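The block underneath contains the structure these notes are about, expressed in structure tokens.
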Amino acid sequence: MQKLQDFQIAARNNGFVDVEETDDGTVLWMRKPTASAEDRVCIDSLTNSATVFWASIPWKINSKTFRVASALQDWFVSTSKLPQP
């Protein structure tokens, strides 16, 4: 359970807010509005992972899955240095 909380903390520290949780509590969706779309994070307790979804160009959805919260946090730091479209 701590692993999932660490994913939530990493996402919240990077501007994501809770959107919804599945009825059985296995998945939490978070969102972050951006200039061109809305980024999403899916935290999944069945796979003990977090997947980030973002749009790079219209109709092009990208995703990246993380198994540890520190890798997610490092990725947020590295991508925040990239120029935004």
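The values are calculated or read from the model by the stated rules, or taken from the named source; none is laboratory data. What you see is a predicted model; the values in this text were computed from it and never measured. Heads up, the Cβs are rebuilt from the backbone with ideal geometry, glycines too, and the neighbour counts pull from every protein chain shown.
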Failed item in (1) surrounded by fewer than 13 Cβ atoms within 10 Å (Cβ to Cβ); (2) touching a Cys at 6+ places or on another chain (Cβ under 8 Å); (3) hydrophobic (A, V, I, L, M, F, W, C), with Val17 passing the rest: (2)
Qualifying residues in the stretch 40-53 (those that are part of a strand (DSSP E or B) and hydrophobic (A, V, I, L, M, F, W, C)) - the one surrounded by the most Cβ atoms within 10 Å (Cβ to Cβ): Ile43
Near pairs, Cβ below 6 angstrom, 6+ apart or cross-chain, from the stretch 3-15 (within 11 Å of Leu28 (Cβ to Cβ)) to any residue that is in a loop (DSSP other than H, G, I, E, B): Leu4/Ser45
Residue match in the stretch 68-75 (condition: part of a strand (DSSP E or B) and either surrounded by fewer than 13 Cβ atoms within 10 Å (Cβ to Cβ) or small (Gly, Ala, Ser) (or both)): no
Pairs with Cβ under 6 Å, 6+ apart, first in the stretch 22-39 and over 16 Å from Trp59 (Cα atoms) and in a loop (DSSP other than H, G, I, E, B), second at pLDDT 90 or above and of a type in the set (S, T, N, Q): Thr26/Ser45
Matching residues, the stretch 43-52, being modelled with pLDDT under 95 and closer than 18 Å to Val19 by Cα: Ser45
Failed condition for Asp24, given (1) modelled with pLDDT of 90 or more; (2) of a type in the set (Asp, Glu); (3) exposed (fewer than 13 other Cβ atoms within 10 Å of the Cβ): (1)
Unmet criterion (only one of (1) over 12 Å from the mean Cα position of the chain (by Cα); (2) part of a helix (DSSP H, G or I)) for Ser56: (2)
